[in-house]
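These notes are about the structure you will find just below.
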Amino acid sequence: MNELQRRLVRRIRAEGPIAVAEYMAQCLLDPRDGYYVRADPLGRAGDFITAPEISQMFGELLGLWAVDAWQRLLGSPREFCLVELGPGRGTLMADALRASQALPAFVAAARVHLVEASPTLRAKQRQALAGHAVEWHGGLDSVPEAPIVLLANEFFDALPLRQFVRTERGIAERMVGLDASGEGLRFGLGPAPSPWTPALPRALRDAPLGTLVEYSPASIGVVRAIAGRIARQGGAALAIDYGAGESGPGDTLQAVRRHGRHEVLDDPGEADLSARVDFAALAEAASAAGAAAFGPVPQGVLLERLGIAARAAALAAKATPAQAAEIELARARLIGGTEMGTLFKALALVPQGSAPPAGFTEDEGLFRGQ
Ligand code: SAH
């Protein structure tokens, strides 16, 4: 049993079972033993690899997306906040800023704000972005009110998620409690009806008996805050994540360690915990808060529309044959039908009535308002 498990067991003994969302939050961000706090989990040597770590092309294309949004959708304001949520090693932002140097006015106008909870990863980001003026925040609240261009890759899937089961007695929340030995963790159900019931989307409340449904109030809260800023100040946001375009039932909480599946309740804090992002719920929340949503479109489609083929060809032209082969592999991995290209999806938020952001078409607009 590791130290975090010992502390979780003590906490549950004292307070009773805790919600899956609380378990997830403590496993990921416990100030001492949290997964993102203990070490840097990203990359080939770590537990999982993300798109910006696969290839510089990812961050470069998102940088050009940001430049286009600033110019065409925001009208080139002299100052704006370039925000990234959960920047990991800072690779995406470093690549985006390098690519956007093609337009010096954009770089001059950008105030870079990073929302990052982990001190360990903040230190990595500081290194990756040495030479840039950067401000860190624990949440979006303290980012100044100004037009924003916001990027988030694999951020929403790490936000705490609540799980519910529809029982005969009403909706019950799935909790983490103690097993018979009193030393191990196991799942159970809280009292029904859960006080969360009225907050749940109708489709979830009406799911068939026994169905497990997921809801992430934390994600909805962040999207509402982004959408509110976009509605008040103008801006554009692009979120890319592993997720589904339509809300559906099922337990998608998963633990990953050393590039393989792990049991969710085993070795807390030593495995990454994430869940499928419900893009439909995010788009609806954004629209209710005054923004328009585009997508989600598969990551592969977005990257192709943003010009990954041309970018790969340009890089390959200056590369050795071995490097050129690597560039081609990375491109295939980012857009491939059986890999990230379809499992990952991109959702964009812009002001209501706005033209589509780069990489999205007019008919991919949802909840566009007037
Ligand atoms: N975007 C990066 C990293 C993805 S991992 C990439 O694509 O490589 C998730 C990131 O979100 C990490 O940087 C993690 O520390 C951060 N994070 C997770 N939960 C957070 C929270 N509640 N608030 C702020 N940052 C969070």
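Annotations
- Cut-off 14 Å between beta-carbons: net charge of the residues surrounding Gln125, Lys and Arg +1, Asp and Glu -1: -2
- Residues whose amide H falls under 5 Å from that of Gly290, counting only those 5 or more places apart or on a different chain, are absent, with hydrogens built in the peptide plane.
- Label-to-label distance for Ala288 and Ser181 is 4.3 nm, based on points extended 7 Å past Cα in the beta-carbon direction.
- For the range 220-232, 3J(HN,Hα) per residue [Karplus equation, 6.51 cos²θ - 1.76 cosθ + 1.60, θ = phi - 60°, Hz, x = Gly/Pro]: 4, x, 5, 5, 4, 5, 5, 4, x, 4, 4, 5, 7
- If only the Cβ of Lys and Arg carry +1 and only the Cβ of Asp and Glu carry -1, the dipole of the range 34-105 around its Cα centre is close to 60 debye.
- Ordering Gly269, Gln299, Ala39 by Cα displacement along the dipole of the chain toward the positive end leaves Ala39 in first place; charges were set at the Cβ atoms of Lys, Arg (+1) and Asp, Glu (-1).
- Peptide ranges 175-188, 146-159 listed from the most packed, as the mean C-beta count within 10 angstrom indicates: 146-159, 175-188
- Relative packing of peptides 279-288, 253-262, 88-97 - highest average C-beta neighbours within 10 Å first: 88-97, 279-288, 253-262
- Rounded to the nearest 20, the size of the Cβ-charge dipole of the chain about its Cα centre is 460 debye, with Lys and Arg at +1 and Asp and Glu at -1.
- For the range 311-316, putting each phi into the Karplus relation 6.51 cos²θ - 1.76 cosθ + 1.60 with θ = phi - 60° gives couplings of 5, 5, 5, 5, 5, 5 Hz, in residue order, rounded to whole numbers and with x for Gly and Pro.
- Backbone amide hydrogens, once placed in the peptide plane, bring Ser76 within less than 5 Å of Gln71, excluding anything fewer than 5 places away on its chain.
- Sequence-separation-based contact order of the range 269-370, relative, with Cα cut under 8 Å and 6+ spacing, percent: 43
- Compared with the alpha-carbon gap, the fully stretched path from Ala192 to Ser76 is longer by 36.5 nm at 0.36 nm per residue.
- Peptides 226-232, 8-14, 314-320 ordered by average Cβ neighbours within 10 Å, highest first: 226-232, 8-14, 314-320
- Counting only alpha carbon atoms, the long axis of helix 279-288 and the longest principal axis of the chain meet at about 80°.
- Degrees, to the nearest 10: 56-68 long Cα axis against longest axis of the chain: 70
- Comparing Ala322, Ala309, Gly234 along the charge dipole axis of the range 224-370, the residue lying farthest to the positive side is Gly234, per the Cβ-charge model.
- In this structure the amide hydrogen of Leu151, modeled in the peptide plane, comes within under 5 Å of the amide hydrogens of Val83, Glu84, Leu85, Leu238, none closer than 5 places in sequence on its chain.
- For the range 332-346 and the range 76-126, distance of Cα centres in Å: 24
- Taking every C-alpha pair closer than 8 Å and separated by at least 6 residues, the mean separation divided by the residue count of the chain gives a relative contact order of 19 percent.
- Backbone N within the range 245-277 under 20 Å of label point (7 Å from Glu339 Cα along the Cβ vector): 256-261
- Convex hull projection area averaged over all views, the chain, Cα basis, nm²: 19.0
- Secondary structure note: in the chain, about 60% of the DSSP beta bridges are antiparallel.
- Accessible surface computed residue by residue for the chain, with neighbouring protein chains in place and a 1.4 Å probe, gives 42 Å² per residue.
- Scalar couplings 3J(HN,Hα) for the range 101-117, obtained by applying the Karplus form with A = 6.51, B = -1.76, C = 1.60 to θ = phi - 60°, are 4, 4, 10, x, 5, 5, 4, 5, 7, 7, 9, 7, 10, 10, 9, 9, 8 Hz; x denotes Gly and Pro.
- Here the chain has 53 percent of its accessible surface on carbon and sulfur atoms, given a 1.4 Å probe and all protein chains in place.
- Label positions at Arg32 and Arg111, each projected 7 Å from the Cα along the C-beta direction, are separated by 3.8 nm.
- A full extension of the chain between Thr120 and Leu212 corresponds to an added length of 29.7 nm, given 0.36 nm per residue minus the alpha carbon distance.
The values are calculated or read from the model by the stated rules, or taken from the named source; none is laboratory data. Here the structure is a predicted model, which is why all the values come from computation and not from measurement. Backbone-built Cβ (ideal geometry, glycine too); neighbour counts: all protein chains shown. Accessible surface is based on the protein model in full, side chains and every heavy atom, while ligands, DNA and RNA are left aside. Shrake-Rupley method; radii C 1.70, N 1.55, O 1.52, S 1.80 Å.
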